[in-house]
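Here the structure comes first, spelled out in structure tokens, and everything after it is commentary.
What follows draws every value from the coordinates through simple rules; no lab data is involved. All figures in this text were calculated on a predicted structure; none of them were measured in a lab. When we count neighbours, we look across all protein chains shown, and the Cβ atoms used for this are built from the backbone with ideal geometry, even at glycine.
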Amino acid sequence: MTRSRVRGGAAVAALLLALTGCGKIDNQQQPSGGGNSADNRAVKSGGTLRIALDGEPDKLDPTLARTLVGRNVFAAICEKLYDVNEKLEVVPQLAAAMPEVSSDGKTVTIKLRTGLRFSDGTTLDAAAVKTSLDRHRTLDGSQRKSELANVKDVTVTDPATVTLGLAQPFAPLAAVLADRAGMIMSPAVLTAKGADFGTAPSCVGPFKFATRVAQDRIEVVKDPNYYDAAKVKLDKVIYRSIPDANTRFNNLRSGDIDVVFNVSPINVDELKGMSNLRLISTESLGYQGITVNIGNVAGVGKAPGTLAAPFAGPFATEAKVRRAFMLTIDRDSLNRTVFRGQYAPACGPVSPASQLSSDAAQACPKHDVAEAKKLLGEAGVQTPVKVSLTVVNDPDNRRIGEAVKSMAAEGGFDVQLEPTEFASSLDLTDAGKYQLYRIGWSGRVDADGNITPFVQTKGSQNVAGYSDAEIDQWLNDARSTQDLTKRKELYGKVVGKLQQDAPLIYLYRQKNLTGVTSKAGQVKEFGDGIIRVTTAGFVE
Amino acid sequence: MNRYLARRLVESIITLFLATVVVFLGIRALPGDPARVLAGEESDPQAIAEVRASYGLDQPLPVQYVRYLGKAFTGDLGTSVRTGLPVTEIIAGALPVTLELAFLAMLVAILIGLSTGVIAAVRRRGPLEWASNSVALLGLSIPNFWFGQMGILLFAVLLGVLPASGFVPFLDDPVENLRRMIMPAVVLGSAIAAVIMRQTRSAMLESLTADFVRTARAKGLPRHQVILGHALRNSLIVVTTVVGLQLGILISGAVVTESIFVLPGFGRLTLDAVFTRDYPLMQGVVLITATAYIVLNLLVDLLYSVIDPRIRVGGAAL
């Protein structure tokens, strides 16, 4: 090694050390302010938009798909019977109008747009819709089965009309059809590919599937068969999988990526301070919280019962203890300390952004340590009340766990944190082998999807093993009526009861934080957390 | 030599078979069910049971193993539970990325490690030895993830001279391929360079005081010929062993490096497969890794006999 090389190496090392010491790069740029989803700058034709997702999408098969990142890819290649607008109202997409519901609520008629073609060039008609809906309802392993459980049959009324027969009136149906259950696949490709449809999906969309390299990228290209192809400006969109938030952010800063999904709250202030980047921030429909094991004795889907040691305890038997625990948590402080104030405190499952939100649904018991201690006294339990909290073993969850432990200690609780690898935590909690579990839900447009599966006695995701006849009835009533006011009232009552019984302790609501290069325009994201690129492009 | 080679091959096949058993059982001993992990937050028990059945995960373990082994013999490693893509296709896509990364990292490591090791031995107790030792210490003590992040900040974000991430196949665009691989290769190769440097230095120090080097000097051979032709060549036995062992470390080191630089390689694939409990993919990657280890060990054994003929003679006598 020559002397000059040694000096060069030392200089680089010194610079690296200096960078570490600084913690962030100060580029002396002026803040551009926060963002929202409205960006109507004119864009030019052509170009490739590179989007970094925070994980690898699963199968690109609308029947089998389960991940939020996968929904982002579907937004470009698979349109649905219905969609949501920026106000989170359900609006027709492949359907010509909102569904017509019979007076008894058991027959739903959907009129379709005509002249639409799949990416393989075949025509979308009522028969194609029936093929897809029947596949969603019946295919082994279908994730749409439970969403469409109320649909008894699908009938082709005429080439542009399908009729759905329901077992029970089901108000959330349009919202359900505004997600993957409403995606219509090309029957020709379904026949040709069968179970491998996800390897080369074909739907109606502004873009069509081009290629996929496992754990790296999915490429979609402009589809000339799309009915609104003139509005599509980009030639290509590349979805890359970059799980680490810092790496995603660095790729955005370096210009290797144009759009970053799920920006970490830690990076938000820095992003806002960069003039060549902007932030899209929308209210999420989901929630993050703590699930309490009340009666999950034999696993999800089994009848709730009485817990045995070591999971039994006052948390399972005494609502006052659970309420006391809830009152010890200072949600504002949690948001500030763990998420730099970027998220929003939440006390219930209904997002303020939801069409079904109400004052009752947004009621929030205040942080009150004195009241918590009083409730523990009334419950007659010995303090400190010991309880274990299972948290997924990642930095965010460990920080939340520590904060909750510290806050709860002030109110008379001794929380033992159980950091657990994600896959193992799912197994343990599904089987009922836990006391408290820190988990969340990404959210659905209709509030029913954010409540019923989790707290109804026979809910498919009732990990808490919770059972309450009133709640069950209110949720069924809310599903059965199309009256928005009545549904709001019922969900308000449900939230009130949930706050009393506390089978789930809601903590905060994430925001959908998306970083975008200023060069890209008309990239949209609504409260459903899906990045829409139909009209996106590079600014002129 | 042939008998020796045949025996080593039989041993390797038995080892590989045992590896498949251990891998198969080990993966299933992990808590976490692939169908449940795949479901994520959408944990509909009926759908989970159906997914489990569709991959044969509801069958007894011996049945699952025999099916797996039968298919593996025909080159069919199944399909990924998560993406639905064939495992062989996924691995075939990931392997070249890691092999290229490993090759370039090893190249970097050997170039830096050998040269600094020789210099440190020849210029003992001088500033160059001190500098070489310092570089080796830094290489050993700086974790890959930190070194990688700093490299990205400096060369991609601040200077904008190299891309922050991604992979372009060499045949598609050789220049772009190397631009994207240079940082990962240096990051991954730095720690190995340090190990090679230390081993080269100590082996060279021993060789330089050996009788055969003294003899070479006494014969009046030029200094560079004594150092490179005699001392270094003799030291290469030790260094080759280290390089062989480090090849295994390269694969595990690639997990971190590929994650930092978002390379669709084998290391990252392994990590993802474990976290998602993607049994077919995990079985595939571990089977390939085990095969690679066994083949590499075999090659290193054979390389010994090329470098040192005494081993070949010994082998023939077996």
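Please work out whether chain B counts as rounded, prolate or oblate from its C-alpha gyration tensor, where a ≥ b ≥ c are the square roots of the eigenvalues and a/c under 1.5 means rounded, while otherwise a/b larger than b/c means prolate and anything else oblate?
Here chain B falls in the oblate category.
Cα axis of helix B:266-275 to longest principal axis of chain B: angle in degrees, 0 to 90, nearest 10?
For B:266-275 against chain B, the angle is about 40 degrees.
On a 0 to 90 degree scale, rounded to 10, what angle separates helix B:127-141 from the longest Cα axis of chain B?
10 degrees
Taking the Cα centre of segment B:24-127 as origin, sum charge times position over the Cβ atoms of Lys and Arg (+1) and Asp and Glu (-1), and report the length of that vector in debye to the nearest 20. Mind showing how you got there, number by number?
Values: 9 positive and 9 negative charges, 185 e Å.
Charge dipole, segment B:24-127, about its Cα centre: 880 debye, nearest 20.
In percent, what relative contact order does segment A:370-444 have, based on Cα pairs under 8 Å that are 6 or more apart in sequence? List each step's numbers first, then the result.
On the way: 87 pairs, mean separation 29.4, N = 75.
Computed value for segment A:370-444: 39 percent relative contact order.
What ranking of A:SER460, A:SER102 emerges when the number of other C-beta atoms within 10 Å of each C-beta is taken as an exposure proxy, fewest first?
A:SER102, A:SER460
Mean separation of Cα pairs under 8 Å and 6+ residues apart, divided by the residue count of chain A: what relative contact order is that in percent?
RCO, chain A: 22 percent.
What is the mean number of Cβ atoms from other protein chains located within 10 Å of the Cβ atom of each residue in peptide A:213-224, rounded to a whole number?
5
For a label point 7 Å from the Cα of B:PHE170 along Cα→C-beta, name the residues of segment B:96-117 whose backbone N is under 17 Å from it.
B:96-111, by backbone N distance to the label point.
Holding the Cα-Cα limit at 19 Å, pick out from A:LYS373/A:LYS493; A:LYS44/A:LYS524; A:LYS87/A:LYS493; A:LYS208/A:LYS233 the pairs that are longer than that. Working shown, then result.
Details: A:LYS373/A:LYS493 26 Å; A:LYS44/A:LYS524 16 Å; A:LYS87/A:LYS493 24 Å; A:LYS208/A:LYS233 14 Å.
Beyond 19 Å: A:LYS373/A:LYS493; A:LYS87/A:LYS493.
Residue separation times 0.36 nm, minus the C-alpha to C-alpha distance between B:ASP301 and B:LEU95: what's the value?
71.8 nm
If you place +1 on the Cβ of every Lys and Arg and -1 on the Cβ of every Asp and Glu, how big does the dipole about the Cα centre of chain B come out, in debye to the nearest 20?
I would put it at about 1800 debye.
At a Förster radius of 56 Å, what calculated FRET efficiency corresponds to the Cβ-Cβ distance of B:LEU178 and A:THR485, to the nearest 0.05?
0.30
If I model a spin label at B:ILE13 and A:ARG41 as a point 7 Å from the Cα along the Cα→Cβ vector, what separation in nanometres do I get?
6.5 nm
For A:ASN476 and B:ARG124, what does the FRET efficiency come to when R0 = 60 Å and r is the distance between their Cβ atoms, rounded to the nearest 0.05?
That gives a FRET efficiency of 0.10.
Averaged across the residues of B:157-164, what count of C-beta atoms belonging to other chains lies within 10 Å of each residue's C-beta?
Counting other chains' Cβ atoms within 10 Å and averaging over B:157-164 gives 5.
Taking the Kirkwood radius as the inverse of the mean 1/r across Cα pairs, report the Rg/Rh of segment A:93-248.
Reported Rg/Rh (Cα atoms, Kirkwood Rh): 1.01.
Taking the highest mean first, how do the peptides A:295-305, A:418-428 order by number of other beta carbon atoms within 10 angstrom per residue?
Put in order of decreasing packing, that is A:418-428, A:295-305.
Excluding same-chain residues fewer than 8 positions from A:LYS302, which lysines have a Cα within less than 24 Å of its Cα?
In chain and number order, the partners are A:LYS145, A:LYS433, A:LYS458, A:LYS497.
Quick check for me: using +1 on Lys/Arg Cβ and -1 on Asp/Glu Cβ, what's the dipole size of chain A about its Cα centre, in debye to the nearest 20?
Numbers: 65 positive and 60 negative charges, 232 e Å.
I would put it at about 1120 debye.
Rounded to a whole number of µm²/s, how large is the Stokes-Einstein D of the protein assembly as shown at 25 °C and 0.890 mPa s, given Rh as the Kirkwood radius over C-alpha pairs?
82 µm²/s
Treat the count of other C-beta atoms within 10 Å as a stand-in for reagent exposure and order A:SER284, B:SER207 from fewest to most.
B:SER207, A:SER284
Compare the Cα positions of B:PHE73, B:SER134, B:LEU287 along the charge dipole of chain B (+1 at Cβ of Lys, Arg; -1 at Cβ of Asp, Glu; about the Cα centre) and return the one farthest towards the positive end.
B:SER134
Relative to the present Cα-Cα distance, how much length would full extension add between B:ARG3 and B:ILE237 at 0.36 nm per residue of separation? List each step's numbers first, then the result.
Values: separation 234, 0.36 × 234 = 84.24 nm, distance 2.34 nm.
Roughly 81.9 nm would be gained on extension.
Which three extents, in angstrom, do the Cα atoms of segment A:176-250 have along their principal axes, listed largest first?
41, 33, 27
Among A:THR155, A:LEU334, A:PRO384, pick out the residue whose Cα is farthest towards the positive end of the charge dipole of chain A, where Lys and Arg carry +1 and Asp and Glu carry -1 on C-beta, about the Cα centre.
Comparing the listed Cα positions along the dipole, A:LEU334 ranks first.
How would A:ASP223, A:ASP477, B:ASP211 line up from fewest to most surrounding beta-carbon atoms within 10 angstrom?
Details: A:ASP223 24, A:ASP477 16, B:ASP211 7.
Starting with the residue having the fewest Cβ neighbours, the order is B:ASP211, A:ASP477, A:ASP223.
Assuming 0.36 nm per residue, please report the length gained on full extension of the stretch A:ASP368 to A:ASP196 beyond their Cα-Cα distance.
56.5 nm
Tally Lys/Arg at +1 and Asp/Glu at -1 over every other residue whose Cβ is under 15 Å from the Cβ of B:THR20; what's the total?
It works out to a net charge of +2.
From other protein chains only, count the Cβ atoms within 10 Å of every residue's Cβ in A:465-476, then give the mean.
Numbers: counts 0, 0, 0, 0, 0, 0, 0, 0, 0, 0, 0, 0.
The per-residue average across the peptide is 0.
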